[in-house]
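Below is one structure, written out as structure tokens; comments come after it.
The values are calculated or read from the model by the stated rules, or taken from the named source; none is laboratory data. Since the model is a prediction, treat every value here as computed from it, not as a measurement. FYI the Cβ positions are ideal-geometry reconstructions off the backbone, even for glycines, and counts take in every protein chain you see. Note: areas computed on protein heavy atoms with side chains; ligands, DNA, RNA excluded. Shrake-Rupley method; radii C 1.70, N 1.55, O 1.52, S 1.80 Å.
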Amino acid sequence: MIMSRYLVLHRSDAAWTALLAAVVVGGALVPSNDYYLNLLVLTLLYAGLASAWNIVGGMAGQFSLGHTAFFGIGAYTSTVLLNYAGVSPWLGMLAGAAFSMVLAVLIAFPTFRMRGVFFAMATLAFSETVRILLIYSRKFVELPYGLSIDFKPGLARMVFSDRASYVWLAGGYLAAVLVAAFLLSRSFTGFYLRAIRDNEDAADASGVPVRRYKLLALLVSAAFSAVGGTLMAQYVMYIEPGTVFTIGFSVDLALMSILGGVGTLAGPVLGAAIALPFREFLVEAFGDSASGTHLVVYGLLLVVIVVLLPQGLLGGVRSLRAQMSQGRRRAAAAEARLAAGTGTGGR
């Protein structure tokens, strides 16, 4: 009975799964140029990271702006272990996930007392604290500002000579995050998280251990964000505090989830598939002529979309379908009344 809840796939779940598999397999096997493959890898990675953010930000309703800390810890942990101890990134990313979960516990105790914008600001402050501590630690530890990964292709080093291999890697990461989110959403944990998101006071009054389940969502989200940080570091092969601990990264993840449909499984993936290529297009269009203009245009358009579609694109589609269905029912009822009136007049 319990297993059947996990095995039942709705038609929309099956359609999204088939589409994702087609994109990954097609991107990896169909010959393409480096530009489009690079865009595909980044889109898959960001989709996985946005889905990881969605576990705590969407399913549990805890709007975090501190996920760049988990991402950066994952990137730095695996890269430092690889460069200075020769540890494979496959193991390094597990260590990064463990460190991020420890940080998540430290963040949870003071911030879970706050709600809404206060929680968001508190998590933002924690991520900035981590960045500043990393920079300050260079006074005591010989650590260069930026870390490069030597280009020595090999599965053990998670470095590949072709971008198609990174498509498989990023696609596998996204699939793992989505499976975890799917299992959470179908379990009692998912029901509790949605109850907390919809009305935390009511959930608490109903006996839901609110802090325990918010912490569980944050731990899962932090671990997958750290793994994403390792994969991104292995792909770009260079990291520094200004790139992996940037506030803009946390904002991007939240915006992608909101754009597609926060709290849904497909929403963050759809948001990343639209927002990231759109941002790259704006960089190409405005990058040389007016530096920074693309950020203004990108931000304004996202704000407009969010204002017009507060439930995201998926919510907008659902609302449109509901209105169309309601319109069809009204038209059918009007036709029935007209037919009844005609029949009565004929008698």
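Here's the yes/no breakdown for (1) buried (at least 17 other Cβ atoms within 10 Å of the Cβ); (2) within 24 Å of Val210 (Cβ to Cβ); (3) of a type in the set (Asp, Glu):
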residue	(1), (2), (3)
Ala122	yes, yes, no
Ile135	no, no, no
Gly146	no, no, no
Tyr166	yes, no, no
### Message
Please return the ranges of helices (runs of 4 or more DSSP H) entirely within the stretch 1-111 where 1 or more residues are modelled with pLDDT of 90 or more, of a type in the set (A, V, I, L, M, F, W, C) and open to solvent by 10 Å² or more (accessible area, probe 1.4 Å).
### Response
34-54, 67-85, 89-111
### Query
Taking the stretch 135-154 as the region of interest, how many residues are under 27 Å from the mean Cα position of the chain (by Cα) and more than 18 Å from Leu82 (Cα to Cα)?
1
### Task
Tell me which of these Lys152 doesn't satisfy, since it passes every other one: (1) over 23 Å from Ser250 (Cβ atoms); (2) buried (at least 19 other Cβ atoms within 10 Å of the Cβ).
(2)
### Query
Of Ile149, Ile135, which residue is within 24 Å of Thr77 (Cα to Cα) and in contact with a Pro (Cβ under 8 Å, 6 or more places away or on another chain)?
Ile135
### Task
Output yes when any residue across the stretch 114-137 is outside any helix (DSSP H, G or I) and hydroxyl-bearing (Ser, Thr, Tyr), and no when none is.
no
### Task
Among what's in the stretch 138-160 and is among the β-branched types (Val, Ile, Thr) and assigned to a loop (DSSP other than H, G, I, E, B), pick the residue that is farthest from Gly61 (Cα to Cα).
Val141
